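Enquirer: Have a look at the structure that comes next, please.
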Amino acid sequence: MGPMGNVRWTSAIWRQRSPGAWLLLLTIVLLLTAAARVLLKAQAPGARTVWDGVYTDAQAARGASAFSQSCSNCHTLASQGKGPLTGEKFSEAFTQRTVGDLLTYVKTNMPNGNGGSLPASTYNDLVAVILKSNGFPAGTDELAPETVAGVQINPKDGPGALPNNALVRIIGCLARNGDDWVLTRATAPERVERIGVGAADGSRALGDRTTTLKFVLTRLDSFLGQRVSVTGLLMGAGGENGINVSTVNRIGDTCP
């Protein structure tokens with residue numbers, strides 16, 4: 001029997017089955033299709049990074065021209081020199097933040113002392129050239145606020161640890177380790193914009209780290225054994241050498 005004969009024979013068998021068999025097959029196909037759509041939808045938002053290409057080369061070229069005219073007196077697109085916007089300084093400021101955050105920073109601060117004075121499209125172009133100068137690839141669509149709000153700025157191999165000198169908040173139990181103050185059951189460092197207590201610090205789940213507090217300038221004896229919120233600058237990637245303390249605030253009388 002040829003291939004077409006096989007198809008006709010198979011179809012005949014299915015027609016002899018009850019209508020329920022066809023309904024079951026149709027239901028399975030629909031469920032698989034819906035599951036695929038849900039998976040694709042779940043993966044798209046928040047999954048994009050600067051490595052997906054969020055600006056165009058033409059936009060970066062316009063940004064380079066605007067940078068020369070409006071920003072080059074105070075900043076450089078190299079990793080060294082006056083006000084560098086690339087390399088280690090860029091990583092310290094923006095790793096694990098979004099391109100939307102970067103765009104807001106540029107709008108607010110550039111040109112120095114006159115933030116917000118340039119056209120909105122020029123700020124988009126400036127961010128494009130900053131990304132290009134940091135080695136992130138171009139794409140097919142121009143950068144705009146609505147396209148980059150959730151695009152993550154991460155190293156190519158993933159978020160990794162927050163960089164040295166990142167301003168962070170850590171929650172934990174205040175304890176002593178010899179001459180040092182430490183946080184036990186500490187949370188992973190969370191990048192923050194300003195020092196002080198966060199709204200959810202009192203209910204945030206504790207972690208399994210121990211973090212050394214460095215350069216503590218206030219007396220903490222009354223906080224011993226209590227739950228505290230600490231903000232400061234990381235010393236080493238991920239805070240491997242501790243945290244240079246800015247503030248320590250008690251957020252709970254006990255720390256189980």
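The values are calculated or read from the model by the stated rules, or taken from the named source; none is laboratory data. Computed from a predicted structure; not experimentally measured. Because the Cβ atoms are built from the backbone with ideal geometry, glycine has one as well, and the counts that use them run over all protein chains shown. Remember, those area values only see protein heavy atoms, side chains included, never the ligands or the DNA or RNA. Shrake-Rupley method; radii C 1.70, N 1.55, O 1.52, S 1.80 Å.
Enquirer: Treating only the Cβ of Lys, Arg, Asp and Glu as charged (+1, +1, -1, -1), what charge dipole size does region 102-208 show about its Cα centre? Round to the nearest 20 debye.
Expert: It comes to approximately 200 debye.
Enquirer: Using a cut-off of under 11 Å, list every residue of region 152-188 whose amide N is near the label point 7 Å from the Cα of residue 214 along the Cα-to-beta-carbon line.
Expert: The answer is 164-165.
Enquirer: Aspartates and glutamates within cross-link reach of residue 89: Cα-Cα under 17 Å, excluding same-chain residues under 8 positions apart?
Expert: Excluding near neighbours in sequence, the set is 101, 193.
Enquirer: Mind grabbing the accessible area of residue 253 for me, 1.4 Å probe, Å², rounded to tens?
Expert: About 110 Å², rounded to the nearest 10.
Enquirer: Calculate, in nm to one decimal, what residue 226 and residue 68 gain on full extension: separation in residues at 0.36 nm each, minus their alpha carbon distance.
Expert: Numbers: separation 158, 0.36 × 158 = 56.88 nm, distance 5.24 nm.
Residue separation times 0.36 nm, minus the Cα-Cα distance, leaves 51.6 nm.
Enquirer: Between residue 76 and residue 241, 0.36 nm times their residue separation minus their Cα-Cα distance comes to what? Spell out each step's value before the answer.
Expert: On the way: separation 165, 0.36 × 165 = 59.40 nm, distance 3.01 nm.
Contour length minus Cα-Cα distance gives 56.4 nm.
Enquirer: Going through region 150-226, which trypsin sites (Lys or Arg not before Pro) have at most 13 other Cβ atoms within 10 Å and a DSSP loop state?
Expert: On the way: sites: 156, 169, 176, 185, 191, 194, 204, 209, 214, 219; in loops: 156, 194, 204, 219.
Here the trypsin sites (Lys or Arg not before Pro) that fit, given the DSSP loop and packing criteria, are 156, 194, 219.
Enquirer: Show me, for region 191-200, the HN-Hα J-couplings you get by feeding each phi into the Karplus relation (A = 6.51, B = -1.76, C = 1.60, θ = phi - 60°), rounded to Hz, glycine and proline as x.
Expert: 5, 10, 8, 8, 6, x, 7, x, 4, 9
Enquirer: Between residue 180 and residue 120, what is 0.36 nm times their sequence separation minus the Cα-Cα distance? Round to one decimal in nm.
Expert: Numbers: separation 60, 0.36 × 60 = 21.60 nm, distance 4.89 nm.
That pair, residue 180 and residue 120, stretches by 16.7 nm at full extension.
Enquirer: What whole-number value in Å² describes the accessible area per residue of region 131-256 for a 1.4 Å probe? All intermediate terms of the calculation are to be shown ahead of the outcome.
Expert: Numbers: 6630 Å² over 126 residues.
Value returned for region 131-256: 53 Å² of accessible area per residue.
Enquirer: Along the Cα-to-Cβ line of residue 199, 7 Å from the Cα, sits a label point; which residues in region 153-173 have backbone N less than 20 Å from it?
Expert: 168-171
Enquirer: Once Lys and Arg get +1 and Asp and Glu get -1 on their Cβ, which of 181, 122, 206 lies farthest toward the positive end of the dipole of region 121-256?
Expert: 181
Enquirer: I need the phi-derived Karplus couplings for region 82-91: 6.51 cos²θ - 1.76 cosθ + 1.60, θ = phi - 60°, integer Hz, Gly and Pro marked x.
Expert: 6, x, x, 10, 9, x, 4, 4, 5, 4
Enquirer: To continue, here is another question. Which whole-Hz ³J(HN,Hα) couplings does region 111-123 yield from phi under the Karplus relation 6.51 cos²θ - 1.76 cosθ + 1.60, θ = phi - 60°, glycine and proline marked x?
Expert: x, 3, x, 9, x, x, 8, 9, x, 4, 5, 5, 5
Enquirer: Tell me which aspartates and glutamates have Cα within less than 13 Å of residue 107's Cα, excluding those fewer than 8 residues away on the same chain?
Expert: Straight-distance partners of residue 107: 125.
Enquirer: Measuring from label point to label point, each 7 Å out along Cα→Cβ, what is the residue 92 to residue 250 span in nm?
Expert: Going from the residue 92 label point to the residue 250 one covers 3.4 nm.
Enquirer: Name the residue from 109, 167, 99 whose Cα lies farthest towards the positive end of the charge dipole of region 87-169, charges +1 on Cβ of Lys and Arg and -1 on Cβ of Asp and Glu.
Expert: Towards the positive end, the residue furthest out is 167.
Enquirer: A further question follows. With a cut-off of at most 14 other beta carbons within 10 Å, and DSSP calling the residue loop, which chymotrypsin sites (Phe, Trp or Tyr not before Pro) in region 120-223 qualify? Please list them. Write out the running numbers ahead of the final one.
Expert: Working: sites: 123, 181, 215, 223; in loops: 215.
Taking region 120-223 and a limit of 14 other Cβ atoms within 10 Å, the loop chymotrypsin sites (Phe, Trp or Tyr not before Pro) found are 215.
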